Each structure stands twice: as structure tokens, then as C-alpha cells.
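A short write-up of the structure that comes next.
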Amino acid sequence: MDELPVDLPVGAPPLPPVPPLPPGPRPGRAGEPAIWSRNFRYYFTARSAGLLSWAMLPVAVTAGLLRDGYGLDTAGYAMAFLVGPFAGLVLFGGVLADRFTARRMMIAADLANLAAHVLLALLFLHGIDHLWQLYALLAVTGTANAMFQPGAASTVPLVSRDVQGANGVLRTSEALTGLGGPALAGVLVGFGDTGWVMVLSGVAYGTSAACLGALRLGAVPAPPAARGLWRNLAVGWREFRSRSWLWGVIVIWMVFAVLSWGPQLSVAAGVIVPAHGPAAFGLLNCALGAGTVAGGLLAIRYKPERPLAAGAVAMLTYPLYPLGIVLGWPVWLLAAAQVAVGAGVGVWGVMWATSVQTQVPGEVLNRVHAYEVAGSVGMYPIGSAAAGPAVRAFGTDRVLLVGVAVAVLTAVALLAVRPIRTLRRVPDRV
């Protein structure tokens, strides 16, 4: 059964401290589990398939290009064509998801990804004659993911009564696919051809589209049909900035992304790889993924009354890894630190996603989530790009110590801002 958009007023004042869940269908049938309902099983399969494909793509394309004799510059341009459209168009994806319903946009995005990956498979299997063809197809993939992402948040409350538990399961799946996707892509490229990775990704996107099509949703909140694209985008911005806890977190996170999160990967690699080898660096990133899985599993059951405050406390683990690098910890201790970091990040991610999905009205959730994604992720490339110049100017240890200090101050700031600290959990639907 297809979902039916329901016209509801937008632009309402911020919700009270303990508001009802966003208007929309009551997920699940009588007697179905709070998390693993029929709808959620289909959605979980769709989301996991898409995440696996997205995780495989950068490794497959980069490894394929380098194996075919192209340079690092070409691989860098390819990633720019992939990520650039996502960052630039995700806001419009939120508007379109509200206009046409999230599921329709997500299915259309999956079908566009399916077509793009079939063409990418043919391109790699038969040889790349013109790089512009590769860049164009990667731009289509990035655009499709920008159209998919906003609806990923608003769908969760529609398919599960236990929104936080569902987010914990999805966070765990994201961590597992983030670990397994690059490894699987590397093996397939090593023993076969990048084209076969694209075939597998195409099958995954087709599976995702089929599972989303099988969802049985009722009435879905939607903005009034008379409002145009720019008007709906403006309304989404007004709803975003009217919630001080929401934009407060994003402002804090933007500083964190530039000064701590963004530079850390490349700066850490510059220390770990020369000292311990690439295998050790890979192990440390696997430890981070394992910790994220543990954090997601913990967050399925752990339901604090003030979720963002609890998530901020969990984020106090983040400085352990860069501090350990500065102090010269052995690899096993750095791995333990990464597990703790991953657990903290996993708990924070579930608490944050659940707060957004349950505190924001359904008819504007896709647009608000798009602003949230653009703000929280958009500053990461700046921090990553600034890592090299910062190390040359100030030295590795100073850059890492700034990251440590900023990570601590990030958690402190999240706890110090009253609307963030006091935001209360919305009870699960029964």
C-alpha cells in the first residue's frame, strides 16, 4: 500500500519539553514487536544494502583507478564528484522528500543508483575511454544519495514503535557495513575487477528499492501542496532555527568537525603508518568500528531521560585516541582507546538521531534533517583539508592536542547549554 501525504500546518512554535511523537501512522500491527516489525525488517534490509554499497564505492573506485594506471589526482577528482553533489544537494533532497513523500524519493534514488552502477560496471569492465563518463556517473550517485538521505530519518518513526531501539539497530548495521564494505571491495578488486563490485552494488540498490516498495505505510505528514520549493526550504530553515537545542548542537559540532574530527584521520595516519605500518592503522580503524557496534547495541536498551546529556557524557571518550597518539601508547592500548571512542560515538549518534526524529514534527522532519546533515557533515572536509597545512605550521602533537582540547570542550559545551542538557526523551509508542 502506498503512503498518502496528509497536508498539515507547518511553522508551528517549538515543541514543549515532552511533546508527542510526530504526526503520522501508528507503526506496526497489534502483537508485533516494538522494533522488529514487518515494516522495520524490510527497512533494515533496504538501509543495510544501501549502506554496504556506499561503503564499498570509494575503495572500489580508488583501487580500480590506481590499478588501471591512473594517478592519485584522478582518484581525488573522482571522490570530489561523488561527495560534492551529496553535500550541495541534500537540502533540496529534504524538500523533495516532503513534497513527494520520503519513500518515493528513496525508491527513485535507489533506482537511479542501480542504473548508475550498471553503467559503472560496464565502464570498468570494458575500460574507461573518457574520464568525464566516470565523473558524471559518480555525480549521479552522489546526487541520488543526497535525495535518499533526508527520508532515511523520517522513515524510522513510521516503521518502529521503539524509535531509539530502531536507531540502535541501524547504527550497528552502519558500523558493520562500514567495516565490511571497504574490506569486501578491496578483496573483489584484488581478485577480480572493479566492475564486479559495481554489479554487486547494483544488486544491493535493487534490493533496497524492492524492500522499500514492500513497506505498508499509512498517512504520511506532508507540507501544503501549494507551497513551492523555495518556500518549503525557507519553512524548513525556520523550523530548524526555532529549536535552540537543535541548532545549538550543530553549531558546536561544526567547530568540533573543523578542529578535531576532520583533521584526526589523516594526522593519525601520518603518525601510525610510519611507526607501526598500514596493517596497524587498519586494525585501529577496525577497533573504532567494533566500538561503534558496541555503542549501538548499548543504546538499544539504554534509554536515559535526557538523551543528549547522556550522549554528551559518552562523547568524553573521544579524546582518548588522539591523546594516546601524543603520549606514544602501544598499538594494543590505542586499539582499546578506539573501542571506547567508537562506543561513545555510537551512543551519541543514536541519542541524537532519536531526538531529532521524535522531537520534530513529521511534516518538516525531512527538511530539518537535511539542514542537520548539511551542517554537521559540511565542515568535515574543511578540517580534513586543513590537516596538512596545520601540521606543517604547528607540528603533529600540537594539532592532535588541539583536537583533544576541542573534543573535551565539545562535550562540556553540549552539557553546558541548557536546552541541550535538559531535552527530555519522548516516550515510546505503545
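Every read-out reported here was derived from the displayed coordinates using simple, explicitly stated rules and does not represent laboratory data. This one's a predicted model, so the numbers in the text were calculated from it and none came from an experiment.
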Point to revise | Ellipsoid equivalent to the stretch 120-180 - semi-axes via the Cα gyration tensor, in Å | key: 34, 15, 7
Practice item. Could you state the orientation-averaged shadow area of the convex hull built on the Cα atoms of the stretch 337-423, in nm² to one decimal? Key: 7.0 nm²
Practice item. Determine Rg/Rh for the stretch 149-285; Rg is computed over alpha-carbon atoms and Rh is the Kirkwood hydrodynamic estimate from the same atoms. Key: 1.05
Revision key, fill the gap. Kirkwood-based Rg/Rh on the Cα set of the stretch 244-421 evaluates to 0.98
Review point. Based only on the alpha carbon positions, what is the Kirkwood hydrodynamic radius of the stretch 296-382, in angstrom?
Key: 14.6 Å
Check your understanding: From Cα coordinates alone, what are the radius of gyration and Dmax values for the chain in angstrom?
Key -> 21.3, 62
Study note, to complete from the structure: In order over the stretch 42-54: 3J(HN,Hα) from phi, Karplus 6.51/-1.76/1.60, θ = phi - 60°, whole Hz, x for each Gly or Pro, gives 5, 5, 4, 4, 4, 5, 5, 5, x, 5, 4, 5, 5
Review point. What's the center-to-center distance, using Cα atoms, between the stretch 366-430 and the stretch 73-120 in Å?
Key: 25 Å
Review point. Normalized C-alpha radius of gyration of the stretch 231-281, against 2.2 N^0.38 Å?
Key: 1.87
